[in-house]
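Visitor: Below: one structure in structure tokens.
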Amino acid sequence: MRDLTVRGRCFLAAGAAAVICGIQIGERDFVRIGLLALLVPVLAWLLLRRTERRVWVRRSVSNLQVEAGETAQVEIVVASAGRRTSTLLMEEELPATLGEHQRFVVSPLAPGAETTLRYLVRTQHRGRYPLGPLHVRVADPIGMVDLDQSLPSTASILVTPRTEPLPQIPLTGRWAGAGEHRTRDLLGGGSPDVTTREYRLGDDLRRIHWPTSARTDQLMVRREEQQWQSRCTLLIDNRRSSHCGQGIDSSLETAVRAAASIMRNLVAMDFEVRLVSATGESSSHGWHQGARGATLPEQLERLALLGLTRTERLSTGWVDESHHGGMLLAVLGHLGEADRTFLGGLASAGSSAYAVVLDVATWGSGPGEPPATASLRSRGWKATTLTRDGQLPASWLELAR
């Protein structure tokens, strides 16, 4: 009965007092009046409880994935599923990151009628955030009950890291094929079997290579011309021990924004990108077998949800045949000696290696160790330093020197 208003609680108290007094002094009229006073708020509460779900809502978002700093429009359709409603006071529940709760006043709706509510959310910080539920305040005509009804309808919005355009610089990476068009050795002299394979259900019959089919006694089809693509592994160091600061102003957030900007830039340059975290988790399965990487929206979604890990050392599980997998680009925080040795081994394996190293000390309150930029350069990397107040495009240009 916590939904009773002050008036409803007063009626309950007065009714209970009248019943007790009537019993004590033997006045039946007092008891009848007290029972009536008790029944009024109780009946009002029961009536609202029976009719509380006579409206339904449908929620849609203009863009389910937006970049931090952008706005998205949320549209809520409210409709009457029963008899005519009274005036409804509605409140949309939102996380504090997306702003204050949205409040609306909805005029009475006829049976089957609907109305549309709209509001804007401005996104500030990466992550996935819920929208809703929608709370409806329903009151009885005489003000005994004020019921807060939660309608079971929610949605979510994904906020990806803020990115910034980067200047075009020459990047040298290995070229590799994907799927059926993976790199293969072409034999001198030109054997006809080199460019054929067994027929598969669904292959175009015009691609059947009849001379080879006759010789092998099974249908063989010509392979399509190889499609080559430049590939890059993007490593982001998200270890707790490698970063400093809290929340949106931490060095990790700068690293995530840098990785997102670099990834968007690489995709624009027709690179196939694989995202790898400090724990070795990869966004692209079968990368070493020539499988295509995840799409840019999928990669940005992973960056949007990336958090700190307690792993002490950079994982090596993803490195198998990495020197055959194209260019290596890393966004790094504080590095220990073991990390520098490991990364130096990657560069010496023959991969083109580029690194954006955060000067994590600039996010702290006191002097710290200098960034590992010089150490990586001595181990074969092209490396640049990014400070707390630095500009990523300027640091990116340094990699071209």
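The values are calculated or read from the model by the stated rules, or taken from the named source; none is laboratory data. Everything quoted here is computed from the prediction, not taken from an experiment. So basically every Cβ, Gly included, is an ideal-geometry build from the backbone, and we count neighbours across all protein chains shown.
Visitor: Quick check, is L328 at pLDDT below 95 and in a strand (DSSP E or B)?
Guide: yes
Visitor: Can we say T85 is of a type in the set (S, T, Y) and more than 30 Å from V256 (Cβ to Cβ)?
Guide: So T85 fits the description; yes.
Visitor: Which of (1) buried (at least 16 other Cβ atoms within 10 Å of the Cβ); (2) in a loop (DSSP other than H, G, I, E, B); (3) modelled with pLDDT under 80; (4) not polar (S, T, N, Q) is the odd one out, the single condition A176 does not satisfy?
Guide: Unmet condition: (2).
Visitor: Would you mind finding the one in L147, L201 that is in contact with a helix residue (DSSP H, G or I) (Cβ under 6 Å, 6 or more places away or on another chain), at pLDDT below 85 and outside the structural domain of T233 (by TED's automatic domain parsing)?
Guide: Answer to the check: L147.
Visitor: Looking at L201, L266, L275, L252 in this structure, which one is closer than 30 Å to A361 by Cα and not in a helix (DSSP H, G or I)?
Guide: Criteria check complete, one pass: L275.
Visitor: From the list A347, A374, A338, which one is over 31 Å from the mean Cα position of the chain (by Cα), in a helix (DSSP H, G or I) and crowded, with 18+ Cβ neighbours inside 10 Å?
Guide: The conditions single out A347.
Visitor: For A349, which of the numbered conditions (1) modelled with pLDDT of 95 or more; (2) of a type in the set (A, V, I, L, M); (3) farther than 27 Å from P161 by Cα fails to hold?
Guide: (1)
Visitor: Let me ask something additional. What are the residues in region 119-160 that are over 23 Å from the mean Cα position of the chain (by Cα) and part of a strand (DSSP E or B), if any?
Guide: Selection gives H135, V136, R137, V138, A139, V145, D146, L147, D148, Q149, S150, L151.
Visitor: Another question, if that's okay. Can you spot a residue in region 53-65 that is under 28 Å from A155 (Cβ atoms) and of a type in the set (S, T, Y)?
Guide: Checked region 53-65: at least one residue is under 28 Å from A155 (Cβ atoms) and of a type in the set (S, T, Y).
Visitor: Working carefully through the options A44, A37, A16, find the one that is in contact with a strand residue (DSSP E or B) (Cβ under 8 Å, 6 or more places away or on another chain), in contact (Cβ under 8 Å) with a residue 12 or more places away in the chain and assigned to a helix (DSSP H, G or I).
Guide: Selected residue: A44, the only one of A44, A37, A16 that is in contact with a strand residue (DSSP E or B) (Cβ under 8 Å, 6 or more places away or on another chain), in contact (Cβ under 8 Å) with a residue 12 or more places away in the chain and assigned to a helix (DSSP H, G or I).
Visitor: Regarding L303, is this residue crowded, with 23+ Cβ neighbours inside 10 Å and either assigned to a helix (DSSP H, G or I) or at pLDDT below 95 (or both)?
Guide: So L303 passes the test.
Visitor: Can you tell me which residue within region 132-144, out of those that are out of contact with any helix residue (DSSP H, G or I) (no Cβ under 9 Å at 6 or more places or on another chain) and crowded, with 20+ Cβ neighbours inside 10 Å, is farthest from A14 (Cα to Cα)?
Guide: Checked region 132-144; the qualifying residue farthest from A14 (Cα to Cα) is L134.
Visitor: I'm checking my understanding of the structure. Among residues of region 150-170 that are of a type in the set (S, T, N, Q) and either buried (at least 19 other Cβ atoms within 10 Å of the Cβ) or in contact with a Lys or Arg (Cβ under 6 Å, 6 or more places away or on another chain) (or both), which one is modelled with the lowest pLDDT?
Guide: Among those that are of a type in the set (S, T, N, Q) and either buried (at least 19 other Cβ atoms within 10 Å of the Cβ) or in contact with a Lys or Arg (Cβ under 6 Å, 6 or more places away or on another chain) (or both), it is S153.
Visitor: While we're on this one: Quick check on region 232-279: of everything there that is out of contact with any Leu (no Cβ under 8 Å at 6 or more places or on another chain) and of a type in the set (D, E), which residue is surrounded by the most Cβ atoms within 10 Å (Cβ to Cβ)?
Guide: Among residues in region 232-279 that are out of contact with any Leu (no Cβ under 8 Å at 6 or more places or on another chain) and of a type in the set (D, E), the one surrounded by the most Cβ atoms within 10 Å (Cβ to Cβ) is E272.
Visitor: All but one of (1) at pLDDT 90 or above; (2) assigned to a helix (DSSP H, G or I) hold for E75, so report the exception by its number.
Guide: With respect to (1) at pLDDT 90 or above; (2) assigned to a helix (DSSP H, G or I), E75 is out only on (2).
Visitor: Restrict the check to region 92-101 and report whether at least one residue is modelled with pLDDT under 90 and of a type in the set (D, E, K, R).
Guide: no
Visitor: What are the residue pairs meeting all of these: first residue in region 96-107, first residue among the hydroxyl-bearing types (S, T, Y), second residue surrounded by 10 or more Cβ atoms within 10 Å (Cβ to Cβ) and in a strand (DSSP E or B), Cβ atoms under 6 Å, and 6 or more apart or on different chains?
Guide: Final answer for the pair search is none.
Visitor: Sticking with this one: All but one of (1) in a helix (DSSP H, G or I); (2) closer than 14 Å to L335 by Cα; (3) in contact with a Ser or Thr (Cβ under 6 Å, 6 or more places away or on another chain) hold for T385; which doesn't?
Guide: (1)
Visitor: Which of the residues spanning region 114-128 are among the hydrophobic types (A, V, I, L, M, F, W, C) and more than 11 Å from L98 (Cβ to Cβ)?
Guide: L117, the sole residue that qualifies.
Visitor: Which pairs do you get when a residue that is on the phi > 0 side of the Ramachandran plot, found in region 369-391, comes within reach of a residue that is in a helix (DSSP H, G or I), reach meaning Cβ atoms under 7 angstrom, with the pair 6+ apart or on two chains?
Guide: Cβ pairs passing all conditions: G380/G344; G380/A347; G380/S348.
Visitor: Does S315 satisfy the condition of being assigned to a loop (DSSP other than H, G, I, E, B) and at pLDDT 90 or above?
Guide: yes
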